[in-house]
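Everything below concerns the one structure shown next.
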Amino acid sequence: MINLLSLLVLFCMLVAIVDSTAGLRFTADSAYAEFTGWSMPEFSELQFYFKTGSNKPAILLYQDNGVDRDTNDYIEVSLVKYGHVRLQLRGDGCSKTNLYIRHNFTDNSWHKLKISRHGARLNLSVDNISSEYTTCVQPPRFSERNGKAQGSLFMGGIPIEDPQGTPTKEKWALTGLFLKVLQESR
């Protein structure tokens, strides 16, 4: 137990050295990673690798703009029934708000997930399997006027409550691993 705790502390210190705005949060019932938010510029990508063998629903990624729940723009990528990946999106005039990749990704193997924005088009892919794309009049409003993201990007869980006020940490916490989280803008 002491060795595991020492490794977790060392890992947190290494993450802090790599990105001083990144951090891992641990509570009695869940853990999640918190990163600087993705501002989702016009030509950009967010990608990471994940691995899990658990069949329970789980949050892979979540970000919102911190506005009240009725007008909140957000993006959420989750593992859902049968190990499928679902992207839910709320933005101004988005043609599709749910994108799916219907393949079982809960096979304890590494999978590369990528979200790409090219102008008004937003695409989701896992291991080069692409979902349908969605188009938005305006993408989710994640950035301030200076171009910096308004909120944090959460991976593996989220420290918020659902609309009924129930904590979501236990219900949607991922039992798995993340690797190589990367945001790119062109």
Checklist entry - Ranked by accessible surface with a 1.4 Å probe, highest first, in what order do Phe154, Phe178 come? => result Phe178, Phe154
Checklist entry - Given Lys114/Lys180; Lys96/Lys180; Lys56/Lys81; Lys112/Lys180; Lys51/Lys114; Lys56/Lys114, which pairs have Cα atoms separated by over 18 Å? => result Lys96/Lys180; Lys56/Lys114
Checklist entry - When you count, for each residue, the other Cβ atoms within 10 Å and take the mean per peptide, how do 57-64, 116-123, 103-110 rank with the highest first? => result 57-64, 116-123, 103-110
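The values are calculated or read from the model by the stated rules, or taken from the named source; none is laboratory data. Quantities reported herein were computed from a predicted structural model and do not represent experimental measurements. As a convention, Cβ positions derive from the backbone with ideal geometry for all residues, glycine included, and neighbour counts pool all protein chains shown. Heads up: the accessible areas ignore ligands, DNA and RNA and are worked out on the full protein's heavy atoms, side chains in. Shrake-Rupley method; radii C 1.70, N 1.55, O 1.52, S 1.80 Å.
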